[in-house]
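The next block holds one structure in the form of structure tokens; read it before the comments.
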Amino acid sequence: MRADLQQYCEQYIVNRDAVKSTLKMANGYMYPVCANLFLSRGMEARAERLEECRAVLKEKTGIFSNFRSLLQAPVICMLSMTENPEAELEKALASYEQMKKEFMASDYLVLAALLLPGGEDMAHIVARGKEIYRRMRKEHPFLTSSEDSVYALMMAASEKSDDALMMDMEEGYALLKRRFGAGNPVQAISHMLALQAANPRLNAGRVCELFDEIERIGGKYGKYYELPTLAALAMMEGDLRQVAADIMEADAFLAGQKGYGFFGMGKKMRLMHAAMIVSCARGARSGMDAAVISSTLAMVIAQQAAAAAAAAGAAAAVSN
């Protein structure tokens, strides 16, 4: 393994363990997300700073706030990276309140409030985002949900026209659907493609090429929640053969770390985390943040829904 990639892998584990030991009550799938946030910014997670920002969040929000729900750990981590956490949180809360005028309150809106710059343009961004979201639902009524609100709002902050965004989105979706099938992950990637300056056909081809190259050298990358992270990496410049090789080397490193063994998160999730590390080594930032956090959030929500359905089914069976 190259020395620089080795350093990123080691720092990822340091960050993950620091967040995990400080924010003990977070969902386990959020710790890697938090580690990636620090890694992508070249920063190290510090326990005392995390504690300070947790106190700020507790002071400024109520116990039932979505800022203190599934995304509480990433919120605290993102605040800890700023010079003025109080001001950053107040700005995000103000953006969130504006978003709620047009969108249903959700964890995804929290993510959008954290990723978008806020300020005077937010009213325009929210109104435009609502129109883009409406057009998304018109094209894909059974797929579009609150999960897509993040990308609708990010598109609203872009310089592309609404028509250009929709055209690129649909072209990307049609191309990737042939390779990976219909579903939410492919729709999420189509949103990511629309946000890029490059032709969606070119980037869709790179996504498929990177997926196939990983498979060619012995990896089995996931096609569901893991896929948008790989897509964000594929859209970056670089030789995809080398990118795939780096992912496999990072994966081999993670396989020897606590939390990634036989009883760990599984090989597909481990490969996703390896892709996250490689993206950081190659200079990824906000686009990857959106892909990683929203995909992980969707996975956790789906797991909770499945667990609730199983519990309800079990209760019904017992009552009968």
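Computed from the coordinates by the stated procedures, all read-outs in this text should not be read as laboratory data. Since the model is a prediction, treat every value here as computed from it, not as a measurement. All Cβ positions, glycine included, derive from the backbone under ideal geometry; neighbour counts span all protein chains shown.
Any chance you could list the semi-axes, whole Å, largest first, of the equivalent ellipsoid that the Cα gyration tensor gives for region 158-320, using √(5λ)?
For region 158-320, the ellipsoid semi-axes come out as 29, 23, 13 Å.
Considering only Cα-Cα distances, which of the following residue pairs are longer than 19 Å: Lys223/Lys267; Lys91/Lys160; Lys177/Lys223?
Among Lys223/Lys267; Lys91/Lys160; Lys177/Lys223, the Cα-Cα distance tops 19 Å for Lys91/Lys160.
Spelling out what I want: for every residue of region 217-227, take phi, set θ = phi - 60°, compute 6.51 cos²θ - 1.76 cosθ + 1.60 (Karplus), and round to whole Hz; glycine and proline get x.
These are the phi-based 3J(HN,Hα) values: 9, x, x, 10, 7, x, 10, 10, 4, 6, 5 Hz.
Report the percentage of all Cα-Cα pairs in the chain whose separation exceeds 26 Å, rounded to a whole percent.
Counting every Cα pair in the chain, those more than 26 Å apart make up 47 percent.
Give me the compactness ratio for region 1-157, meaning the Cα radius of gyration over 2.2 N^0.38 Å.
For region 1-157, the normalised Cα radius of gyration comes out at 1.12.
Pulled fully out, how much extra length does the chain show between Glu97 and Phe142, if you take 0.36 nm times their separation in residues and subtract their Cα-Cα distance?
Extending this stretch completely gives an extra 13.5 nm.
What is the dipole size for the chain, taken about its Cα centre, with +1 at each Lys and Arg Cβ and -1 at each Asp and Glu Cβ, in debye to the nearest 20?
860
So, with +1 on the Cβ of K and R and -1 on the Cβ of D and E, and no other charges, what is the size of the charge dipole of region 25-74 about its Cα centre, to the nearest 20 debye?
Rounded to the nearest 20 debye, it is 120 debye.
Round to the nearest 0.05 the FRET efficiency obtained for Met25 and Arg2 when R0 = 56 Å and r is the Cβ-Cβ distance.
Working from the Cβ atoms, E equals 0.95.
Need one number: nm distance between label points at Ile217 and Glu90, each 7 Å from Cα along Cα→Cβ, rounded to one decimal.
Reported label-point gap for Ile217 and Glu90 is 4.9 nm.
Putting +1 on Lys and Arg Cβ atoms and -1 on Asp and Glu Cβ atoms, find which of Tyr260, Asn184, Ala275 reaches farthest to the positive end of the dipole of region 158-320.
Tyr260
For region 205-213, what does the Karplus curve 6.51 cos²θ - 1.76 cosθ + 1.60, with θ = phi - 60°, yield as ³J(HN,Hα) per residue in whole Hz, taken in order and with x for Gly and Pro?
Those phi angles translate into x, 5, 4, 5, 5, 5, 4, 5, 5 Hz.
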